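Every number here is computed from the coordinates shown, using simple stated rules; none is lab data. Computed from a predicted structure; not experimentally measured. A quick note on method: Cβ atoms are made from the backbone with ideal geometry, for glycine too, and the neighbour counts reach across all protein chains shown.
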Amino acid sequence: MWAEIVIKAITGGLLVFAPLTALAFLGLERPNTGFWPRLLGAVTLGIAAGIWIGLQFPEARGAIGPGGLIAINLAVAGALIAPLILGKAAPSRRGKFIVAFSATLLLVLSFLEIAHV
């Protein structure tokens, strides 16, 4: 779960502090404003913080545990796979690769968490 904290914290931090630059670098469609990517980054940072709190303070109530992470990762992977199937994932090959890689990574993390629950 530490790897998941690092991945989500880095991704969230990039989206919060440089949303449009991060999207352009990854080859994803660049929106008119950075509001929605920045909001997604804040949510992702919040998830990383929730995981960290659960690991550091096991007695803490309300922390995100493996069961919650399985649901989050599977839902996000599904949301990334659907545009890939429909052919609307990203305008560039690099963007499509990043979306496919992210979906695969989330599925792998989900299966690892299922194996440890």
Using 0.36 nm per residue of separation minus the Cα-Cα distance, give me the extension gain between Phe57 and Ala71 in nm, one decimal. 2.9 nm
Could you work out the relative contact order of the chain, using alpha carbon pairs under 8 angstrom and six or more residues apart, expressed as a whole percent? 28
GNM top mover of Val99, Val16, Val43 - the chain, alpha-carbon springs below 10 Å: Val43
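If a helix is a whole DSSP H run, which ones in the chain reach 27 Å or further along their own axis (Cα) and hold a mean Kyte-Doolittle hydropathy of at least 1.0?
35-56, 66-86, 93-116
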In whole angstrom, note down how far apart the Cα centers of the range 1-37 and the range 68-84 are. 17
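Just from its helices, what would the mean residue ellipticity at 222 nm be for the chain, if runs of 4 or more DSSP H residues each count -39500 (n - 2.57) and the sum is divided by every residue, rounded to the nearest 500 deg cm²/dmol?
Dividing the helical sum by the residues of the chain leaves -26500 deg cm²/dmol.
Note down the Stokes-Einstein diffusion coefficient of the chain in µm²/s, whole number, using a Kirkwood radius over alpha carbon pairs, 20 °C, and 1.002 mPa s.
Working: Rh = 14.9 Å.
Answer, rounded: 144 µm²/s.
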Among the trypsin sites (Lys or Arg not before Pro) in the range 1-91, which ones are in a DSSP loop with at most 15 other Cβ atoms within 10 Å of the Cβ? Mind listing them? Arg61, Lys88
If you build a Gaussian network model of the chain, linking Cα atoms that sit under 10 Å apart, which residue out of Ala103, Ala75, Ala60 swings the most? Ala60
Would you mind ranking Trp36, Trp52, Trp2 by Cβ crowding within 10 Å, fewest neighbours first? Trp2, Trp36, Trp52
